Amino acid sequence: MKSRLLLLAGVVVLVANATALTLVALNRSGRPTNLIELTEREMPIRHRDPESGTVFLQIHFNPGMGEWLGEAKLADLGFDMSVPINSPRAKSHYRRMRTRQVFAVLEYEGTDWRSWLAKQESRIASEINRPIREQLQHERESISRLFAIDAGLNAAALRAKYPDLGKYVIAPCALRVNFWEEINRVRHIQGSIGHFIVNSINVPMAFLSQFRSFGNRPEYNRPPRYRVTVRYGSRYEPEVVEVKTHPAEVR
Amino acid sequence: MQPIGGRREAQARADRIRSFREELGDLERASVVTLTPEQRAQIDAHHDAKLAELAREFDIDTTEAQKKVSWGMRIASTLGAIALCTAAYLFFQRIWGLIPVPVQVGILIAAPLILLVAAEMVRRRERTPYYTFLLSAVSVAAFVVNVGVVGEMFNMTPSPGALLVWGVYALALAYHFRLRMALAAGLISLVCYFAGVFTSWSGSEWIDFGERPENFILAGGILLFLAAYLPHPRGSEFRWVYRLLGLLGVLLPMLILSASGNRTYIPLEEKTVEAIYEAAGLIAAATGIWLGIRMRFVAGVNVSAVVFVIVLFMKLYDWWWEWMPKYLFFLLIGAIAVALVAAFKRIRGQMPQLESV
């Protein structure tokens, strides 16, 4: 019995690692589900370990206006929206809801981005306070150009609707329901995309030297320092497959 | 006489023999009882043989001085385990960027296995459990790091499966090396695994399992059931861990939900849920005190009593704080506290032979 427990422990270690590595291989084989090139604006450095030199990037995106995530859409995504918004039970019912995992569609430099950019340019042009104007200019140069535009439970159906792999990222995300009441007692329900399920991406060893000279934070009002090509596999797990740091390539 | 079920029971027996010798000496000096030299020699010889047998088989402390040294060894081995884990982690962090990925993966897989083999080799050569504890604790930590780092390296989707394998590994080591800390770690990991799976079935992200304390109540009940009906090869040592974790699994969620009724699966108003769990918490805690006395489970009585007092005072605050003069509120709280002390004193009087478990 005793040696069996020891054997069980050893088998658990081997099986766990074999399973993990098999899943990694499965993810990286076959056709990618996403293949997109993003800059430091969309994938800033989340963490860099000075001892080991490892670098983790994080995906930043804009949840966008979010009007498309209304009650009907939330019901399609599996949330229980059966309680009427003006019911006495509504507040406790909707505030109690936990996040759900869905596939989100994020568009790179699409309609929402151009709309936001136009508004930002208009604000910059009309702002007379210099520090505020500089801050608005900084936002224009640094904010992520990935905007969430859709969500669903079936990734294949979403990809059929948004077929361009280089423009639309479809990845598992956490979606939450927001319920709030204004002072005049008008109530609102709207969903928002919280975070990617795999939010932190390890930079492979082959590219680490290119990050060696970078600090963790981007420089204020300077262009992005790098471009990375991110490939998502069949399990929607990302990997960095290319890094460009030459200024001509990054611009 | 019942066979000794484990090191804990052996130590308790040795402590009783030592206490008996001290008390017998006091009684003889006070001339309450007088033993003939033959009777005294027989008792001493029996106890000396018993202590030698227990020391040989279970490596227990037969004197007070040895006990103090053993405490020092336990503290040292725990600190040593933490220090070794930290040193290993920092060392690999240092050289990680210099090692190719296949070597990194190889090191991560080999580390827990090598430490496991080392722990087994030490167990066969040493009677003292401290080195075995140290190596097996570092082995469990190495496996946790193994799974976590592989997941990070390859950007894998977080999965409750990690909790399952960690739990099974820790339990295997716990039962093989008879380590209560590994047992507790393994059971907690498995409880979290089932809570995560249940949360994902309900449609939420599995990692939010802590947001619904009810996920743990069923698991706590299962642990209490296993404490009662699962055969435990070394007697009370492991049963104590199952009981304590089971009790915490049942009572703590009730305590949390009695204050935070919005974190429930029950589709009722927040205040209604809080009232339900206040009542349930008081009943469950009172039941825990009663069962703890019956089963001579001191830790269970203490945990249940603490939960009972907290829930009671929360309830009194809800009832009285808003309308009662504050001096009167605290006066009544003080009076209730005095009444509780009297009640617990009476409970303590009903358990004269309670084991210090």
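The values are calculated or read from the model by the stated rules, or taken from the named source; none is laboratory data. Not measured: the values here are computed from a predicted model. Ideal geometry is used to build each Cβ from the backbone, glycine not excepted, and the neighbour counts take in all protein chains shown. With ligands, DNA and RNA removed, areas are computed over all heavy atoms of the protein, side chains included. Shrake-Rupley method; radii C 1.70, N 1.55, O 1.52, S 1.80 Å.
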The stretch B:207-243 - residue that is within 13 Å of chain A (Cβ to nearest Cβ) and not in a loop (DSSP other than H, G, I, E, B) and, of those, least open to solvent (accessible area, probe 1.4 Å): B:N215
Selection within the stretch A:26-46 - within 10 Å of chain B (Cβ to nearest Cβ) and open to solvent by 60 Å² or more (accessible area, probe 1.4 Å): A:R28
Hits in the stretch A:83-131 (condition: among the β-branched types (V, I, T) and closer than 21 Å to A:Y168 by Cβ): A:V102, A:V105, A:T111
All positions within the stretch B:92-116 that are of a type outside the set (V, I, T), open to solvent by 50 Å² or more (accessible area, probe 1.4 Å), at the interface with chain A (Cβ under 10 Å from one of its Cβ atoms) and assigned to a helix (DSSP H, G or I): B:F92, B:R94, B:L98
Qualifying residue in the stretch A:86-100 (condition: in contact with a Pro (Cβ under 7 Å, 6 or more places away or on another chain) and of a type in the set (F, W, Y)): no
B:D44 surrounded by 10 or more Cβ atoms within 10 Å (Cβ to Cβ) and over 27 Å from B:P129 (Cβ atoms): yes
Residue match in the stretch B:277-290 (condition: under 16 Å from B:G246 (Cβ atoms) and at pLDDT below 90): yes
Filtered residues of the stretch B:304-338 (kept if in a helix (DSSP H, G or I), modelled with pLDDT of 85 or more and aromatic (F, W, Y)): B:F308, B:F313, B:Y317, B:W320, B:Y327, B:F329, B:F330
Helices (runs of 4 or more DSSP H) (entirely within the stretch A:107-213) containing at least 1 residues that are more than 30 Å from B:L98 (Cα to Cα): A:111-126, A:130-142, A:155-161
Qualifying residues in the stretch A:47-63 (those that are within 14 Å of chain B (Cβ to nearest Cβ) and touching a Pro at 6+ places or on another chain (Cβ under 9 Å)) - the one surrounded by the fewest Cβ atoms within 10 Å (Cβ to Cβ): A:Q58
Candidates A:A18, A:A72, A:A9 - the one that is open to solvent by 30 Å² or more (accessible area, probe 1.4 Å), under 30 Å from B:L116 (Cα atoms), outside any loop (DSSP other than H, G, I, E, B) and at pLDDT 90 or above: A:A18
Subset of the stretch A:94-106 (residues that are within 14 Å of chain B (Cβ to nearest Cβ) and not in a helix (DSSP H, G or I)): A:R96, A:M97, A:R98, A:T99, A:R100, A:Q101, A:V102, A:F103, A:A104
Residue that is surrounded by fewer than 18 Cβ atoms within 10 Å (Cβ to Cβ) and touching a Ser or Thr at 6+ places or on another chain (Cβ under 8 Å), where the choices are A:N178, A:N129: A:N178
